[in-house]
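Beneath this line is the structure, given in C-alpha cells, with notes to follow.
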Amino acid sequence: DRFTVISGHRRRAACLLIRDGGSDQFNRGVPCIVEYGEATPAMRELRLIYANSSTREMTPADKSKQAERVQDLLYQLQEEGVVFPGRMRDHVAEACQVSKTKIARLHAIRNNLDAALLTYFDKGDLPEETAYQLQRLPKDIQAEAGELLATGKQKRMPVASVVAKVNKYIDKYLEEKPYLNYT
C-alpha cells in the first residue's frame, strides 16, 4: 500500500497544500499514473530524466551531461535485456528533447575539448559554438588556450568565428606541410 513518486513531486505537494488549505478537491488522492511491477533503478532514473527534460531551461553543458547520463542508462538497460530498436543517438536525443545533431556536437565537446576549457564550458563561461570550434583544434593548441585563460594572460574568451578561422587556416597549413600534422 505504499507508492514511490518517480516524477511530479512538486505537483503532488501543490495538490496536498490545496487539500490541507480546506479544499476537498484532493480528498480522494492525487491524480497519477500507477505502474505495477518493479522497475530497475536505471529505468526509474531514465523515466525521471524523460519527465524533467522539459521542466527547466538547461545550459548546453547541462544538456551534454544529461545526454551522457542518458546514454549510460540506456546501455545499462540494454545489458538488463531491454531492447531499443534503432540508433542509440536517436533515443538519447528524444530523452533530452534536443536534435540528433546537437547531441553529436555536445558529445564532441565533452569528449574532445581540453579539460581546462571544458571547465569554462561547464561553468557557462564558454559558449557552445566556441567550445565546438575549440574542440576541433589540435590538443596542444587547446591546452595552450586553456593555460592562457587560467593564468590571465588572455582576458576574454575566444570568439567562435575567430576560432573557426584558425581551424580553417590550420587545416590549410597542414595540407601544405603534411609533415607538421598535429593530429
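The values are calculated or read from the model by the stated rules, or taken from the named source; none is laboratory data. Quick caveat, the model's predicted, so the values are computed rather than measured. Cβ coordinates were reconstructed from backbone atoms using ideal geometry, including for glycine residues, and neighbour counts include every protein chain displayed. The area values use the complete protein model at the heavy-atom level, side chains included, leaving out ligands, DNA and RNA. Shrake-Rupley method; radii C 1.70, N 1.55, O 1.52, S 1.80 Å.
Structural remarks
- Projected label points at Thr59 and Arg44, each 7 Å from Cα along the beta carbon direction, are separated by 3.0 nanometres.
- Couplings 3J(HN,Hα) of the range 84-92, computed from phi: 10, x, x, 7, 4, 4, 5, 5, 5 Hz, in residue order, whole Hz [Karplus 6.51 cos²θ - 1.76 cosθ + 1.60, θ = phi - 60°; x for Gly and Pro].
- Solvent-accessible heavy-atom area per residue, rounded to whole Å², over the chain at 1.4 Å: 69 Å²
- With R₀ fixed at 35 Å, the C-beta to C-beta distance from Met88 to Tyr173 puts the FRET efficiency at about 0.45.
- Whole-percent carbon and sulfur share, accessible surface of the chain, 1.4 Å: 51 percent
- Using the rule -39500 (n - 2.57) for each DSSP H run of four or more residues, divided by the residues of the chain, the 222 nm mean residue ellipticity is -19500 deg cm²/dmol.
- Point-to-point label distance, Ala14-Glu80, nm (Cα→Cβ direction, 7 Å offset): 3.0 nm
- Using the Karplus relation 6.51 cos²θ - 1.76 cosθ + 1.60 with θ = phi - 60°, the per-residue 3J(HN,Hα) values for the range 166-172 come to 4, 4, 4, 6, 5, 4, 5 Hz, with x marking Gly and Pro.
- Of (1) 1.02; (2) 1.43; (3) 2.13, the label for Cα Rg over 2.2 N^0.38 Å derived from the coordinates: (2)
- For the range 16-30, 3J(HN,Hα) per residue [Karplus equation, 6.51 cos²θ - 1.76 cosθ + 1.60, θ = phi - 60°, Hz, x = Gly/Pro]: 5, 5, 4, 5, 5, x, x, 6, 9, 4, 10, 5, 8, x, 10
- Applying 1/(1 + (r/R0)^6) with R0 = 41 Å to the Cβ-Cβ distance of Asn52 and Asp125 gives a FRET efficiency near 0.95.
- Total formal charge among the other residues, if their Cβ is under 14 angstrom from that of Val30, Lys/Arg +1 and Asp/Glu -1: +3
- At full extension, Phe26 and Ala116 could sit 27.2 nm farther apart than now, given 0.36 nm per residue minus the alpha carbon distance.
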